[in-house]
Structure formats: C-alpha cells, structure tokens
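First the structure, in the form of structure tokens, and then the observations on it.
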Amino acid sequence: MPTGTCASGVSKNGAEPRSLEDALAMVAGSPALAAAHLGLYDDPRSRQALRLLLSHPEPDVRREAAQSLGRLSDEAAVPLLIQGIDDPEYEPRWSACCALAEIWTPPARSALLEVLERKRRRTDSRLRLTVCRALLGLERLNAEEQVAVRAQVRSFLLDDDATVRREAARALGHLRDAEAVPALIGVLRHPDLELASHACDALMQIGGDESAAAVRDLALGKCPQALAALRLSASILLAKAGLLSNDETAYALAHARPLVASADWHTRVLAVAWLARMHDAQAVPFLLELLASPSRADQGIAARALRRIGTPEALDALAKHRGVSRPPPT
C-alpha cells in the first residue's frame with residue numbers, strides 16, 4: 001500500500017519542468033513526471049493533457065494523472081476518474097479514489113460510496129481502506145456516515161491481507177478512534193509483530209487509561225507471549241510519554257540490556273537506541289560486547305550508544321576500540 005493516504009510516487013530528482021510549457025513538452029518523453037507537475041498549473045491545457053494521460057498504458061502515469069486532477073479539483077474529469085476505479089492496476093485505482101474524494105461532486109461521492117458498499121467490480125479491502133482514510137481525512141462525511149466508515153476501518157484489523165491490517169491499525173491511531181481500543185488491545189497478541197507494533201502506537205495516540213494500561217502490561221511482561229521487540233517498543237512509547245515510574249523504568253531497562261545481544265537485528269537496534277537515549281550506564285558492559293562483534297553495523301550502533309551514554313568507562317572503551325588514548329578530563 002502506498003505510504004500515506006494519497007501520496008505521489010514519482011521521484012522529484014533529476015531535471016524537472018519549470019513552467020507549464022516545459023511540463024507539456026515532457027509529456028511524450030517523461031509522462032509520469034509531466035503528469036505530476038501538470039497538477040501545479042490550473043490551466044485548461046494542463047487539465048486536458050491530464051485527462052488524456054488517464055488512458056496512458058503505463059500505470060504510474062495514470063496514477064500521477066489522477067492525483068494531479070484531484071489536486072486541481074477538475075470536475076470535468078470525474079467520469080474518467082470513476083472509470084479509473086476499475087483500473088486493472090491497484091495504484092491507479094487508489095489514485096482515482098483519492099482524486100474523487102478531493103473533487104467531491106455528487107457523482108464522485110456516489111462512486112466512492114459504491115466502493116465502500118462493494119458495488120464496484122474491483123473493490124478489494126485495500127481500496128476500501130484507502131477510500132475510508134481519504135474520506136475521513138478530508139472530513140467529507142456527515143456524522144452518521146463517519147460512524148459507519150470508522151466501523152469499517154476497525155473491521156480491517158481482521159482482514160486476510162497483512163498490509164491492510166497494519167494500515168488499519170495506523171489509521172485508527174491517526175483518527176484517535178476510542179471505540180477501536182478493545183480491538184487494538186486484542187491485536188497486541190497477534191503473531192504479526194509489525195501489526196502489534198502499529199496497534200501499540202495507535203493505543204498511545206488514542207490515549208486514555210485503558211490504552212495506557214494495556215501498553216504498560218505489555219512493557220512490564222504481563223503478556224508472556226509478547227515478543228521481546230514488542231515489549232521494548234511498548235517501554236519506549238511509555239517512557240517518551242512520561243508514563244513509567246522510576247521503578248517501572250528500571251525494570252524495563254533491565255529487560256532491554258540483554259536484548260543488545262538478540263539474534264534479531266531490529267530488536268538489537270531498538271534496545272541499543274533506547275539504552276543510549278536513557279543514558280543507561282549499566283548497559284555499558286552489554287554494549288562493549290556488541291562493540292567487539294565482527295559486524296561493522298553492530299560496532300557502529302554500539303559506538304554511537306557508548307558515546308551518547310558518555311561515562312568514563314564508555315568513552316575509554318571507545319578510545320581503546322579505535323586504538324587511541326583518551327585525554328584525561330580537565
């Protein structure tokens with residue numbers, strides 16, 4: 001699924017058009033880049049060129065053309081964008097839906113509601129989630145419709161597609177949907193670590209006693225089946241929010257120190273980064289072992305952590321590792 005709700009996927013590196021005429025001239029040679037830039041010019045020529053590009057054989061061109069037409073709120077493009085909902089490729093489909101949400105004429109609204117009601121030919125769960133996020137983000141719905149669409153987003157936590165489940169958890173956090181808290185707490189026990197991590201983030205974004213209690217239980221080992229990396233993520237979130245007592249922080253740090261030697265790279269990085277952020281002097285022996293690793297990547301994260309902790313023991317070890325003497329303190 002694309003990053004964000006309706007973000008462009010065209011790289012902005014390299015030569016770029018500096019005027020409408022430049023963008024129009026690029027249509028033949030670099031149509032995707034041209035389509036992305038034509039949306040910056042509210043001109044009949046750019047609108048016409050973009051409508052033609054909706055039928056381009058390359059999906060990335062169709063995607064960018066739809067995005068730009070939405071940015072321009074081109075009502076004349078609505079019939080073509082509605083056709084784009086049934087595009088054989090996913091990215092042009094979600095771009096068409098996002099554009100229709102931006103334009104929001106009665107036909108555009110009807111078409112998007114048909115997507116949510118599964119009345120279109122290609123209405124997979126990823127597309128429906130994209131529509132939900134676009135409509136809620138743009139505040140296009142009345143109160144009753146918002147309730148129904150939020151409920152649909154919550155239902156995606158149980159979708160068969162792992163990407164949809166993860167994006168749904170992220171969306172619920174962004175929406176600060178308090179009614180999603182019980183479902184998100186249930187997801188904390190899901191074997192998909194990335195999904196559980198997104199649920200943990202979402203609970204902290206939503207806030208409230210129930211959310212904080214669930215994340216605290218996770219951080220303090222009251223969910224035995226939770227993976228080490230997830231417990232660590234929960235501890236970091238709580239610490240950043242100032243929701244761990246001194247004793248709880250000490251417990252979480254004690255749990256994090258051995259994870260510096262975890263076989264999982266992601267877990268090692270999380271543990272090292274948090275111990276460094278907390279200036280945990282007791283982590284120095286663990287970090288010294290990591291510094292002795294044959295892996296240059298491990299050496300690098302250990303060195304940065306020791307430098308940030310900054311105790312004499314840590315700085316002496318760094319100097320020895322580099323083969324230099326550390327000057328005495330002045």
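The numbers here are math on the coordinates, done by the rules we state, and not lab data. Note that the structure is predicted; figures quoted are calculated from it, not measured. For neighbour counting, all protein chains shown are included, and Cβ atoms are generated from backbone atoms with ideal geometry for every residue, glycine included.
Pairs of Cα atoms nearer than 8 Å and 6+ residues apart set the relative contact order; for the chain it is 8 percent. The slack between Asp43 and Asp247, meaning 0.36 nm per residue of separation minus the straight C-alpha distance, is 67.1 nm.
Annotation: extensible slack from Glu179 through Trp265 equals 27.5 nm (criterion: 0.36 nm per residue apart, minus Cα-Cα distance). Using the empirical formula 2.2 N^0.38 Å as the baseline, the Cα radius of gyration of segment 257-330 reaches a ratio of 1.04. Net charge in the neighbourhood of Glu248 (other residues with Cβ under 14 Å of its Cβ; Lys, Arg +1, Asp, Glu -1) is +2. Projecting the Cα positions of Ser245, Pro92, Gln299 onto the charge dipole of the chain (unit charges on Cβ atoms of Lys, Arg, Asp and Glu, taken about the Cα centre) puts Gln299 furthest along the positive direction.
Rounded to the nearest 20, the size of the Cβ-charge dipole of the chain about its Cα centre is 680 debye, with Lys and Arg at +1 and Asp and Glu at -1.
Shown here: the chain, whose C-alpha atoms stretch 72, 47, 31 Å along the first, second and third principal axes, sorted largest to smallest.
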